[in-house]
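Each value in this text was obtained by applying a stated rule to the coordinates, not by laboratory testing. What you are looking at is a predicted structure, and each value in this text was computed from that prediction instead of being measured. Using ideal geometry, Cβ is built from the backbone for each residue, glycine included, and neighbour counts are taken over all protein chains shown.
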Amino acid sequence: MLKKILDFSKDVYNLNSYEIKQVSGYDGGRNIVYICSQNGENKYILRVSILGDKEEKDYLAETEFVRYLAQNGAPVADVIPSINNKYVECIECDGKVIYISLFAYAKGILISDNGYRYREGAPLSEYFYNTGKTLGKIHKLSKQFSPTYRRGNYFDKYNEEYINYLIPDTYDTLKTSIFERLEAFHALPIQEDCYGLVHFDFSDGNYHIDMETGELTVFDFDNCMYCWYMFELANLWTHGVGWYQFEIDAAKRMEGMDQYFATILEGYRSETEVSDELLNQLQLFIDMVLIENIVDEFECSAREGEELDYEDIEDAAECLIEKIPYVGFGTE
């Protein structure tokens, strides 16, 4: 099947002269991804979506958003049209429709591939500021976006019916805690200045850093959906704990996190605004991030046909059930 897909992709994207290497899979990966290069340069990313959990209109909506962002100056890896001038190609294999897209290769590298070391001679505060600024640029443009194709919204997936279907009743206490948060989410405002199309997985695994300039280039909008912009700021908060988790003193850990998030917000607000009203509900949005992580773990286990290892969600579940603030980061 993969040979048929690759032969088709080479033809429709003029990749016959390219070396094509598959990227190693990772936990939670939804697609087969290839790096296409000529003499080690002129790189592209070929994405093959085989899960069958999305329709063509979903991929058209994603690529339309990416194209809009790139055309309007956002630092994102642009989508590349095929010889048919399509941003989404499809082929039928073994009775399944496979969707294929080609993207520019994001300049730079993952910070994890650099041992979580930022560029030499530059302070981490620059990295934090640039991260917030990059997210702010995307959100600023999203607030002005009028799509032809529309992605789903948060409650299409995160609702009581789906949670009941996905999570076994043996986790009834956890489900009750999730339902309580969903009720609170329904009370949140959904005006255009605070709710729109977001990446939904904006983290250091989905952008490259140019280690010469510090500029970020964002990729992998596969999960994009309509949600609160504040969700992505809360997601950045949770991803920032790694910088301070080895500080023994709990008060100093939170002091570090406060400085980190203040710098993120400074960069973000250099591009667009976020209200103090929503910032004051940071904890609720952190809970939203925890729910996304828990749902993702259950979905991954279901795709693999395996029983969930509770240790994979134990900390997040405890924080939701026991109402432990800031994922327990400020506790002894």
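Tabulated values for the structure
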| quantity | calculated |
| --- | --- |
| Estimated 222 nm signal from helices in the chain, with DSSP H stretches of n ≥ 4 weighted -39500 (n - 2.57), rounded to 500 | -13500 deg cm²/dmol |
| Options TYR129, VAL327, ASN159, ranked by Cα towards positive dipole end of the chain, top entry (Cβ charges) | TYR129 |
| Approximate spin-label separation ALA122-SER17, in nm, with each point projected 7 Å along Cα-to-Cβ | 3.4 |
| For the stretch 181-217 and the stretch 223-280, distance of Cα centres in Å | 11 |
| Contour minus Cα-Cα distance for GLU180 and LYS43 (0.36 nm per residue) | 44.7 nm |
| Within the chain: Cβ-based charge dipole about Cα centre, in debye rounded to nearest 20 (Lys, Arg +1; Asp, Glu -1) | 1560 |
| Net charge of neighbours whose Cβ lies under 11 Å from the Cβ of GLN71, counting Lys and Arg as +1 and Asp and Glu as -1 | -1 |
| For the chain, built as a Gaussian network whose Cα springs stay under 10 Å, the top-fluctuating residue of GLU232, GLU212, GLU62 | GLU212 |
| Summed side-chain charge close to LYS10 - residues other than LYS10 whose Cβ falls under 13 Å, Lys, Arg +1, Asp, Glu -1 | -2 |
| Among [x] -0.47, -0.74, -0.82, -1.26; [y] -0.30, -0.63, -0.77, -1.59; [z] -0.33, -0.65, -0.76, -1.32, the entry that matches log10 I(q)/I(0) by the Debye sum over Cα atoms at q = 0.07, 0.10, 0.11, 0.16 Å⁻¹ as calculated here | [y] |
| Cβ-based net charge around ALA122, under 13 Å, with every Lys or Arg adding one and every Asp or Glu removing one | -3 |
| Unit charges at the beta carbon, dipole of the chain: most positive-side option, GLY267, LEU2, THR170 | LEU2 |
| Restraint check, LYS4/LYS43; LYS107/LYS157; LYS43/LYS137, Cα-Cα greater than 27 Å | LYS107/LYS157 |
| Relative contact order %, the chain, counting alpha carbon pairs below 8 Å whose residues are six or more apart | 18 |
| Least to most buried among GLU292, GLU306 (fewest other Cβ within 10 Å first) | GLU306, GLU292 |
